[in-house]
1. Of all residues in the stretch 249-290 being closer than 15 Å to A313 by Cβ and not in a loop (DSSP other than H, G, I, E, B), which is farthest from the chain's Cα centre (by Cα)?
2. Please determine whether any residue of the stretch 181-194 is within 19 Å of V315 (Cβ to Cβ), modelled with pLDDT of 95 or more and part of a loop (DSSP other than H, G, I, E, B).
3. Within the stretch 294-307, track down each residue that is farther than 18 Å from G239 by Cβ and modelled with pLDDT of 95 or more.
4. If G327 satisfies all but one of (1) in contact with a helix residue (DSSP H, G or I) (Cβ under 6 Å, 6 or more places away or on another chain); (2) assigned to a loop (DSSP other than H, G, I, E, B); (3) buried (at least 16 other Cβ atoms within 10 Å of the Cβ), what's the number of the condition it fails?
5. For the stretch 1-51, which positions are part of a helix (DSSP H, G or I) and of a type in the set (D, E, K, R)?
6. Please count how many residues of the stretch 102-157 are outside any helix (DSSP H, G or I), closer than 30 Å to P68 by Cα and out of contact with any Lys or Arg (no Cβ under 6 Å at 6 or more places or on another chain).
7. Kindly indicate which of G216, G186, G161, G157 is more than 19 Å from the chain's Cα centre (by Cα) and touching a residue at least 12 places away in the same chain (Cβ under 8 Å).
8. Scan (1) at pLDDT below 95; (2) part of a helix (DSSP H, G or I); (3) of a type in the set (D, E, K, R) for the single condition R82 breaks and write down its number.
Amino acid sequence: MRTIDWRDDRVVAVDQTRLPRELVVVEIDTVEGLIDAIKRLVVRGAPALGAAGALGVALAVRLSPGDPAMVAAAATAIRQARPTAVNLAWGVDRALSRLDEGGDAVVAEALAVLEEDVACNRALGERGAAWLAERVAGPVAVQTHCNAGALACVEWGTALGVVRALHERGALRHVYAAETRPLLQGARLTVWELAQMGVPHTLVVDSASATVLARGLADAVVVGADRVTANGDVINKVGTYPLALAAAQAGVPMVVAAPESTIDLSTPTGKDVEIEVRGADELTRWGGVEVAPAGTGTLNFAFDVTPAAFVTAIVTERRVILPAAGGRPDDA
């Protein structure tokens, strides 16, 4: 099953807010409905957002044939649904680039984004597994954060694509998955995916991830990314930065698995990226129950910035970049 797809001129997607309790596929037939799904994290994960952006433009041309101004306005609204993950705007721009050729060309480009995502994530998964297997003696134990599996992509996964490839090689010992704010995406989604794969795993609270590394329980950190800037800074789910600091202290590699589409050479550093801040209810309420006093102020960052100096390797479908050793995404 694909996380997001195109069927009968509609977007179909797994509703990720309802996992692991139930696996529900929703049909989205309006641009407004797609934007709402993106904002509510029904659809989330950088590569999946790229697909959503492209499919959103395809949806717009089907709903407003012969009206390029309406399609352009819809594309702008989709781009603005979530500001931090560069793939969303990238997907929109890919599909929109063929608007002058007509609606069928836009849909064809959006479908190409889907197919390319599957192929590139399989390739980066294999590349990342090979890179780790060369540097870690014996089966690898991995610490991961958030969800960067098939649910964050069209299929396969980025960080969990590396995990999957290690598992298939017989080179994976264990995965420690952090629960991950917001919405416990590690606990709800990553653990669900690991169980589906038959991978041995343990769930830990975010604040224990550093202790997992300090105790020598994990040989490497493997995470995804929502944006990689020109200097190699990595923007990923909040909690990644302290995990990178802990990895440096423990002397284990900090590996970022992300497709080339996540690399944003137009943004110089992580300081130049708008970091999404989400609503207070995600902190002060859980399951409809108040867990903090009424009126409590919150600062609910969805992402953080890991400086390039703390990133051992960025693995894409085409290459391995070594930021901590001076490598940059814009190197020829």
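The values are calculated or read from the model by the stated rules, or taken from the named source; none is laboratory data. A quick note: this is a predicted structure, and the numbers were derived from the prediction, not measured. Positions of Cβ are backbone-derived with ideal geometry, glycine not excepted, and every protein chain shown enters the neighbour counts.
1. Checking each candidate, the answer is M254.
2. No, the stretch 181-194 contains no residue that is within 19 Å of V315 (Cβ to Cβ), modelled with pLDDT of 95 or more and part of a loop (DSSP other than H, G, I, E, B).
3. If the condition is that a residue be farther than 18 Å from G239 by Cβ and modelled with pLDDT of 95 or more, then T296, G297 are the ones that fit.
4. For G327, the failing item is (1).
5. E32, D36, K39
6. Final tally of qualifying residues: 2.
7. Step by step, each of G216, G186, G161, G157 is checked, and only G216 is more than 19 Å from the chain's Cα centre (by Cα) and touching a residue at least 12 places away in the same chain (Cβ under 8 Å).
8. Condition (2) is where R82 drops out.
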